[in-house]
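**Student:** Have a look at this one before I ask anything.
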Amino acid sequence: MRCKLFSQLLLIALVCVVPVVAQEGQQPQPTPQDEEIMTRGAFLTTRTKTGNKEAAKASGGAGAAVTTPETANAPAVAANNSSSNNSKKSIAKTSGNARAKKTPGKSERPAKDDKVVAEVRPPGGGRTTGEVESKPRQLGLGYTFFTLGDNGLAVRTDSSRQFRTGEAIRVALETNTDGYLYIFHTENDGAPSMIFPDTRLNGGGNFVRAHVPYEIPSSAEATEEMRWFVFKDPPAAERLYIVLARQPLAGVPTGEALANYCFDAQHTCPWRPAAAAWTELKAAQEREQVAVSKVNDQGRARTADEREATSRGLGLGAGAPTPSVIRLTASPNAKMLVTAIDLIHK
């Protein structure tokens, strides 16, 4: 009797479950377009409605980024004392061309990427930081390349197209979280040189704020030549490596350490990582799974909001133009995001 009753119950369960399983199996899978939309939305969701016009005034990372004991787990990038390559490219010619907007008089605060935080103003008028949640955020980097248009304005361009000798470009960067920014340049897959941070900008500091745009080189430079990277002969395979890290990279000199290195007669700047350490850093790029979202926005002129946010060090609001390319780590526990960008010059 029990056996017969059990058989009947099992039959009823199977009849109920099978349609549910079949229905789940018929659910449509996300398309690549859907994934791009989700990636872009996840990156932009931390933008404020009107832009952070107070907390983001510390843009440019005023103060030196100092290697601390907390960086023990970060890939060590040791200095290579070999002399600099005399490249004809303005990108590699000097790290002084890689510049972002400088805001004096501000002190650098440690990155708070491990926790999502909110600024709370107490009754006394001061400002304290209160934790909202402890869930880490995915690391995201947005970038947009601008070229000099016929009308003299900066207009968006596709970084994957071919560039001709004499063309000028600059890159605007936006992160979704506070962190530390590094930019390396290689030519014809040769030895890399660090073009950001730079001792002539903010004392070599490289701390960046979430959703505060940084342009390299800066449009605020004194001369037109210094405001752009210019492609010069002979043509070569150019590549930029942009590194966004939660903590300063161990072994990479910044701030006073970078200044001391560059002013030492035995060293040559821009600073170059050693070969073994560079291999380790590139391996970090291959290990991390990254979602990418791109938009076709070539020819769009830079807006007044973008110019103001960049020049004044303000956070971009939700209504501001979005980056042309957004890259977002799949894991919220990733310690860094490495982005390689090829620039084709023929």
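The values are calculated or read from the model by the stated rules, or taken from the named source; none is laboratory data. Note that the structure is predicted; figures quoted are calculated from it, not measured. In this analysis, Cβ positions are derived from the backbone assuming ideal geometry, glycine residues included, and neighbour counts consider all displayed protein chains.
**Student:** Taking into account only those residues within the stretch 119-157 that are at pLDDT below 85 and part of a strand (DSSP E or B), which is farthest from Met38 (Cα to Cα)?
**Tutor:** Going through the qualifying residues, I end up with Thr128.
**Student:** Could you check the stretch 245-346 for helices (runs of 4 or more DSSP H) lying wholly inside it with 2 or more residues that are surrounded by fewer than 13 Cβ atoms within 10 Å (Cβ to Cβ)?
**Tutor:** Working: elements: 255-263, 275-287, 304-312.
Where helices (runs of 4 or more DSSP H) fall fully within the stretch 245-346 and carry at least 2 residues being surrounded by fewer than 13 Cβ atoms within 10 Å (Cβ to Cβ), they are 275-287.
**Student:** To continue, here is another question. So in the stretch 175-196, with the set limited to residues that are within 11 Å of the chain's Cα centre (by Cα) and in a strand (DSSP E or B), which one is nearest to Phe229 (Cα to Cα)?
**Tutor:** The selected residue is Ile183.
**Student:** If you don't mind, another one. Please identify the pairs in which a residue from the stretch 197-213 that is closer than 9 Å to Gly315 by Cβ has its Cβ atom under 7 Å from the Cβ atom of a residue that is among the acidic types (Asp, Glu) and assigned to a loop (DSSP other than H, G, I, E, B), counting only partners at least 6 apart or on another chain.
**Tutor:** Cβ pairs passing all conditions: Arg209/Asp178; Ala210/Asp178.
**Student:** Moving on to the next point. With the checklist (1) at pLDDT below 90; (2) basic (Lys, Arg); (3) within 25 Å of Asp305 (Cβ to Cβ) in hand, flag the one item Arg209 doesn't pass.
**Tutor:** (1)
**Student:** Given the condition under 19 Å from Arg272 (Cα atoms), assigned to a strand (DSSP E or B) and touching a helix residue (DSSP H, G or I) at 6+ places or on another chain (Cβ under 8 Å), answer yes or no: does some residue in the stretch 218-238 qualify?
**Tutor:** Initially, the stretch 218-238 is screened for residues under 19 Å from Arg272 (Cα atoms), giving 237-238.
Then drop every residue that is not assigned to a strand (DSSP E or B), which leaves 237-238.
Still in the list and also touching a helix residue (DSSP H, G or I) at 6+ places or on another chain (Cβ under 8 Å): 238.
The answer is yes; a qualifying residue exists.
**Student:** Has the stretch 295-307 got at least one residue that is touching a residue at least 12 places away in the same chain (Cβ under 8 Å) and of a type in the set (Gly, Ala, Ser)?
**Tutor:** Yes, the stretch 295-307 contains at least one residue that is touching a residue at least 12 places away in the same chain (Cβ under 8 Å) and of a type in the set (Gly, Ala, Ser).
**Student:** Please specify each residue of the stretch 42-59 satisfying the condition of being surrounded by 20 or more Cβ atoms within 10 Å (Cβ to Cβ), within 18 Å of Ala304 (Cβ to Cβ) and modelled with pLDDT under 55.
**Tutor:** Answer for the stretch 42-59, where residues must be surrounded by 20 or more Cβ atoms within 10 Å (Cβ to Cβ), within 18 Å of Ala304 (Cβ to Cβ) and modelled with pLDDT under 55: Ala56, Ser59.
**Student:** Which residues, taken from the stretch 158-169, are surrounded by 19 or more Cβ atoms within 10 Å (Cβ to Cβ) and in a strand (DSSP E or B)?
**Tutor:** Phe163, Ile169
**Student:** OK, next. Of a type in the set (A, V, I, L, M, F, W, C) and more than 30 Å from Glu36 (Cα to Cα) - does that describe any residue in the stretch 287-302? Give the steps one after another, and end with the answer.
**Tutor:** As a first pass, look at the stretch 287-302 and keep what is of a type in the set (A, V, I, L, M, F, W, C): 290-292, 295, 301.
Retained after the next criterion (residues that are more than 30 Å from Glu36 (Cα to Cα)): none.
Checked against the condition, which is being of a type in the set (A, V, I, L, M, F, W, C) and more than 30 Å from Glu36 (Cα to Cα), the stretch 287-302 yields no hits at all.
**Student:** So Thr186 ticks every box in (1) at pLDDT 90 or above; (2) surrounded by fewer than 24 Cβ atoms within 10 Å (Cβ to Cβ); (3) over 22 Å from Thr279 (Cα atoms) but one. Which box is left unticked?
**Tutor:** The single condition Thr186 does not satisfy is (3).
**Student:** So, one more: Thr268: modelled with pLDDT of 90 or more and at negative phi, yes or no?
**Tutor:** no
**Student:** For Ala172, which of the numbered conditions (1) assigned to a loop (DSSP other than H, G, I, E, B); (2) under 24 Å from Arg327 (Cα atoms); (3) among the small types (Gly, Ala, Ser) fails to hold?
**Tutor:** Tallying (1) assigned to a loop (DSSP other than H, G, I, E, B); (2) under 24 Å from Arg327 (Cα atoms); (3) among the small types (Gly, Ala, Ser), Ala172 fails exactly one: (1).
**Student:** Then there is this: Scan Arg161, Arg227, Arg156 and give me the residue that is within 22 Å of Gly142 (Cβ to Cβ) and in contact with a Phe, Trp or Tyr (Cβ under 7 Å, 6 or more places away or on another chain).
**Tutor:** Arg156
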